[in-house]
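Peer 1: The structure that follows is given in the form of structure tokens.
The values are calculated or read from the model by the stated rules, or taken from the named source; none is laboratory data. Just so it is clear, the structure is predicted and the values come from calculations on it, not from any experiment. Note that we place each Cβ from the backbone using ideal geometry, even for glycine, and neighbour counts take in every protein chain shown.
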Amino acid sequence: MKGYLCLGAAILLEFFGTTCMKLSNGFEHKIYTGGTLICYTACFYFLALSLKTIDLNIAYATWGGLGIILAAAVSYFFFQENISTPGMIGIILIVIGVVLCNFFGAGH
């Protein structure tokens, strides 16, 4: 259970780091640049902790997949960026992949 809490923290920190990166405008705004660096450093720390108890293939697929989904959501809802139909299909396939990895991946 602790591994999944660490993985959840890594996913949220990656999400906040990516959002800060967008807001930094190419690292022009120092506060958001700092937020990006802090969030990503903490993100990788928690991802590493999660790997103590979660298989790499499951942890990385979940971290990457959910990070992509959250980034797409913030892109659409907060930055008013469009998601194309093929992009939406890709996101749906990522969700299916994350579910399959977690329910039928290694150790199951």
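Peer 1: Here are the criteria: (1) farther than 17 Å from residue 19 by Cα; (2) surrounded by 17 or more Cβ atoms within 10 Å (Cβ to Cβ). Tell me which single one residue 97 does not satisfy.
Peer 2: (2)
Peer 1: Pairs, please: C-beta under 6 Å, at least 6 apart or cross-chain, first residue under 21 Å from residue 18 (Cα atoms) and in the stretch 44-59, second part of a loop (DSSP other than H, G, I, E, B)?
Peer 2: Every condition considered, the pairs that remain are 59/51.
Peer 1: Further, regarding this structure: Here is a check on your reading of the model: is residue 35 assigned to a helix (DSSP H, G or I), over 20 Å from residue 95 (Cβ atoms) and of a type in the set (Gly, Ala, Ser)?
Peer 2: yes
Peer 1: Here is a further query. Which condition from (1) over 28 Å from residue 1 (Cβ atoms); (2) surrounded by 14 or more Cβ atoms within 10 Å (Cβ to Cβ); (3) of a type in the set (D, E, K, R) is the one that residue 14 breaks?
Peer 2: The number of the failed condition is (1).
Peer 1: Let me ask another. In the stretch 89-108, what count of residues is obtained for those that are on the phi < 0 side of the Ramachandran plot and either part of a loop (DSSP other than H, G, I, E, B) or of a type in the set (Lys, Arg) (or both)?
Peer 2: 3
Peer 1: Further question on the same structure: Here's a check for you: in the stretch 33-43, which residue that is polar (S, T, N, Q) and touching a residue at least 12 places away in the same chain (Cβ under 8 Å) is surrounded by the most Cβ atoms within 10 Å (Cβ to Cβ)?
Peer 2: So in the stretch 33-43, the residues polar (S, T, N, Q) come out as 33, 36, 41.
This time we only want the ones that are touching a residue at least 12 places away in the same chain (Cβ under 8 Å), so: 33, 36.
Details: 33: 17, 36: 21.
This residue is 36.
Peer 1: Okay, moving on. Every residue in the stretch 48-62 that is modelled with pLDDT of 95 or more and assigned to a helix (DSSP H, G or I), please.
Peer 2: Listed by number, the residues that qualify are 48, 49, 50.
Peer 1: In the stretch 5-51, what count of residues is obtained for those that are farther than 29 Å from residue 80 by Cβ and touching a helix residue (DSSP H, G or I) at 6+ places or on another chain (Cβ under 7 Å)?
Peer 2: Summing the residues that are farther than 29 Å from residue 80 by Cβ and touching a helix residue (DSSP H, G or I) at 6+ places or on another chain (Cβ under 7 Å) in the stretch 5-51 gives 7.
Peer 1: What's the number of the only condition in (1) β-branched (Val, Ile, Thr); (2) out of contact with any Gly (no Cβ under 7 Å at 6 or more places or on another chain); (3) surrounded by 14 or more Cβ atoms within 10 Å (Cβ to Cβ) that residue 58 fails to meet?
Peer 2: Looking at each condition in turn, residue 58 falls short on (2).
Peer 1: What are the residues in the stretch 63-88 that are surrounded by fewer than 11 Cβ atoms within 10 Å (Cβ to Cβ), assigned to a helix (DSSP H, G or I) and of a type outside the set (S, T, N, Q), if any?
Peer 2: 77, 86
Peer 1: Across the stretch 60-74, what is the number of residues that are hydroxyl-bearing (Ser, Thr, Tyr) and without any contact (Cβ under 8 Å) to a residue 40 or more places away in the chain?
Peer 2: Adding up the residues that qualify gives 1.
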